[in-house]
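Throughout, read-outs are computed from the coordinates displayed, never taken from laboratory work. Note that this is a predicted model, so its numbers are computed, not measured. Quick reminder, even Gly has a Cβ in these numbers, built from the backbone with ideal geometry, and neighbours come from all protein chains shown.
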Amino acid sequence: MKNLSLNILAFVFAVLTPVVSSAQTNAEKAVFQKVVSSASGMKSMVADFKETKHLKMLSDDVVTTGKLWYKAPSFMRWEYDTKNYGVYNLKGGYMVKNGVRDGALSRGFSQMGKMVTGLLTTLSDNPKDFDVSYKIEGKELVVTAVPKASRLKGTVGSVVMKFDSSTSLVKSFEIRTEAGYTLITFSSVKTDVETDPQLFN
């Protein structure tokens, strides 16, 4: 399990907050508010993902694929095709590597899981940690978040998220750092579907 993946998810949902800015057009505000409403009302989500990690120190990109499951209010599973995965739940969660349960989640992983699942169900209307801007490009809403909290500045330079402006479904998000970037694209996204509780046990 890669902690960066949950970090990215945490940023995605942490910045989905109602933001009023004179720089945004009425059309952009309307689409943004629609995305916020959709995220806060979502009961579950299942999606395939492709994660591309580009680091300056590596000559080739690292590409992995897998599946994400989320169930409100506090359950998440991020599983790679290698079958390594992490589960965040009300009890704290655990990790599985090579088919073997690898103990409790790390503190950082657990904190990110708590943040993600909490923000999915109770979004704040006060984006304390980010400067947020958004715009419409073609059929996509592009949201850019730049951290202003000192605890985040050393971890991430910016996060760029793209949503389908008609369906409000997330299409991709990218976290940019001094070392490079990680881009995660989603496909086959389904929301409010029946989710097997055993996935999170």
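In terms of its C-alpha gyration tensor, segment 24-93 has an oblate overall shape, because the principal axis ratio a/c (a ≥ b ≥ c, square roots of the eigenvalues) is not below 1.5 and a/b does not outweigh b/c.
Neighbour counting of Cβ atoms within 10 Å sorts the residues Arg176, Arg101, fewest neighbours leading, into Arg101, Arg176.
Each of Trp69, Trp78 has some number of other Cβ atoms within 10 Å of its Cβ, and from fewest to most they run Trp69, Trp78.
Working from label points 7 Å from Cα in the Cα-to-Cβ sense, the Ser38 to Glu178 distance is 3.6 nm.
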